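The values are calculated or read from the model by the stated rules, or taken from the named source; none is laboratory data. As the structure is a computational prediction, the values presented were derived from the model and not from experiment. A quick note on method: Cβ atoms are made from the backbone with ideal geometry, for glycine too, and the neighbour counts reach across all protein chains shown. The protein model used for the area step is the full one, side chains on, heavy atoms only, and it has no ligands, DNA or RNA in it. Shrake-Rupley method; radii C 1.70, N 1.55, O 1.52, S 1.80 Å.
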Amino acid sequence: MGPQQDRSSSMANGTAAARSKEAKVVHYRECQRNHAASIGGHAVDGCREFMASGAVGTAAALACAACGCHRSFHRREVEAGDDRDCSSTSTTSG
């Protein structure tokens, strides 16, 4: 990579990064923490969706207000905003 190239547009392996401009919405759903793992069992607490305990940007925002677990224990669901135009712009001559 030469000194004139923009390093922010390259990935670690040297290939150009294809950055997506799509808006992605992330939801954290049911808690999957196994509370009985220490005794060899499987028991979840029944928390159905992550609710942040504090304001965005604070440490409390990563703890669930309902079950007290860290956000990483909750199932992550990503919805990609699909703003693409599905109409065909190509013309065929026949």
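For S10, the conditions (1) loosely packed, with under 12 Cβ neighbours inside 10 Å; (2) among the hydroxyl-bearing types (S, T, Y); (3) more than 23 Å from E79 (Cα to Cα); (4) at pLDDT below 80 are fulfilled apart from (1). Residues to consider are A65, A18, A59, A55; find the one that is modelled with pLDDT of 90 or more, open to solvent by 80 Å² or more (accessible area, probe 1.4 Å) and within 20 Å of the chain's Cα centre (by Cα). Just a single option satisfies the conditions, and that option is A59. Looking only at residues in the stretch 79-94 that are within 23 Å of K24 (Cβ to Cβ) and open to solvent by less than 80 Å² (accessible area, probe 1.4 Å), the one that is modelled with the lowest pLDDT is G81.
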